[in-house]
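Okay, so here's the structure we're looking at.
The values are calculated or read from the model by the stated rules, or taken from the named source; none is laboratory data. The shown structure was predicted, so the numbers you read here are calculated from the model rather than taken from an experiment. Virtual Cβ from ideal backbone geometry, glycine too; neighbours counted across all protein chains shown.
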Amino acid sequence: MTIPVAQAGKTRIGWIGTGVMGRWMCQHAMSKGFTATVYNRSADKLQPLLDLGAKAADSPKAVAEQSDIVFAIVGFPVDVRHVFLGHDGALAGAKPGAVLVDMTTSEPSLAKEIYGAAKDKGVASLDAPVSGGDVGAKNAALSIMIGGDKDVVAAVQPVFETMGKTIIHQGGAGAGQHTKMVNQILISSNMIAVCEGLLYGYKAGLDLETVFKSVSVGAAGSKALEVLGPRMMARNFEPGFYVEHFIKDMGIALAEAEKMNLCLPGLGLAKQLYEAVRAQGYGRKGTHALLMALEHINNVKR
């Protein structure tokens, strides 16, 4: 199966899931000349893309019927299964030679299942989860981790380049999702450290703005501190990435680790702390809402 390299003005893209990140990712592709057919469960979230010339579809299947490459970034593995493999999913509407690209953080085993089902129909598929959150999506600066066949990656590359700055083929089907699990494991414990450090500084009576200037530039610096530290200090806990989605990711990583007989106690602790965040009602806040849960545990009033 030969997949032609995507060309602006010629290749039709489809987009499923136009939320915090998907809206921007699709918009960047459109700004480079790719025409788009779009679908979202909440139709009102389509409007910014419709205003730019996208066409609305009433199902993932209808998106695929009008597209050469179909991208999706949705919430949970059950959503991925529905939008790709459901009776009105993208695979049902995809023609031979089309490409399905899942950019959701999902299960490596599901990525392999989609790959196999697509191949049986003469359709290609890639798993291509991303890192960078809402800021990376808005600035077209995402890191894209890709699993699938090399020639298919090359064919979709021009579209990936509209969305991200770091675009790396990690291996066969599922390799993109496994790489994203590495990413989430790294983030999980680091987020605890960022929140605990800022909480310590507050309790010690320090000016967190000046503390931030000192610690963010040395060995203690991290992307989480750089991007989310100022939001925490401003008490802005709106989502760049939802707590409930992060819990989902950590659950996938722990399940995969168990299959490999790996003990990852740091990840287990992080997941339990984030379960506390959700229990306190912050599941739809950003991952940095962990700070509020730690404040609650320590009876720190802000």
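Being among the polar types (S, T, N, Q) and either in the same structural domain as R284 (by TED's automatic domain parsing) or part of a loop (DSSP other than H, G, I, E, B) (or both): is that true of T2 here? Please lay out each step first, then the result.
Details: among the polar types (S, T, N, Q): yes; either in the same structural domain as R284 (by TED's automatic domain parsing) or part of a loop (DSSP other than H, G, I, E, B) (or both): yes.
The answer is yes for T2.
When the stretch 204-249 is examined, which residues are found to be surrounded by 17 or more Cβ atoms within 10 Å (Cβ to Cβ) and in a loop (DSSP other than H, G, I, E, B)?
Listed by number, the residues that qualify are S222, F237, P239, G240, F241.
Determine whether the stretch 233-240 contains at least one residue that is of a type outside the set (A, V, I, L, M, F, W, C) and touching a helix residue (DSSP H, G or I) at 6+ places or on another chain (Cβ under 7 Å).
Of the stretch 233-240, the ones of a type outside the set (A, V, I, L, M, F, W, C) are 235-236, 238-240.
Remaining after also requiring touching a helix residue (DSSP H, G or I) at 6+ places or on another chain (Cβ under 7 Å): 240.
So far as the stretch 233-240 goes, yes, one or more of its residues are of a type outside the set (A, V, I, L, M, F, W, C) and touching a helix residue (DSSP H, G or I) at 6+ places or on another chain (Cβ under 7 Å).
Which ones in the stretch 13-27 are aromatic (F, W, Y) and either closer than 13 Å to D134 by Cβ or in a helix (DSSP H, G or I) (or both)?
First, pick out the residues of the stretch 13-27 that are aromatic (F, W, Y): 15, 24.
Across the stretch 13-27, the qualifying residue is only W24.
Report, by residue number, each residue of the stretch 256-302 that is in contact (Cβ under 8 Å) with a residue 60 or more places away in the chain, surrounded by fewer than 15 Cβ atoms within 10 Å (Cβ to Cβ) and part of a helix (DSSP H, G or I).
G266, L269
Can you tell me which of (1) closer than 20 Å to I146 by Cβ; (2) touching a Pro at 6+ places or on another chain (Cβ under 8 Å) is the one Y39 doesn't meet?
All conditions pass for Y39, except number (1).
For the stretch 43-83, which residues satisfy the criterion of being without any contact (Cβ under 8 Å) to a residue 40 or more places away in the chain, among the hydrophobic types (A, V, I, L, M, F, W, C) and surrounded by 18 or more Cβ atoms within 10 Å (Cβ to Cβ)?
L46, L49, A54, A62, V80
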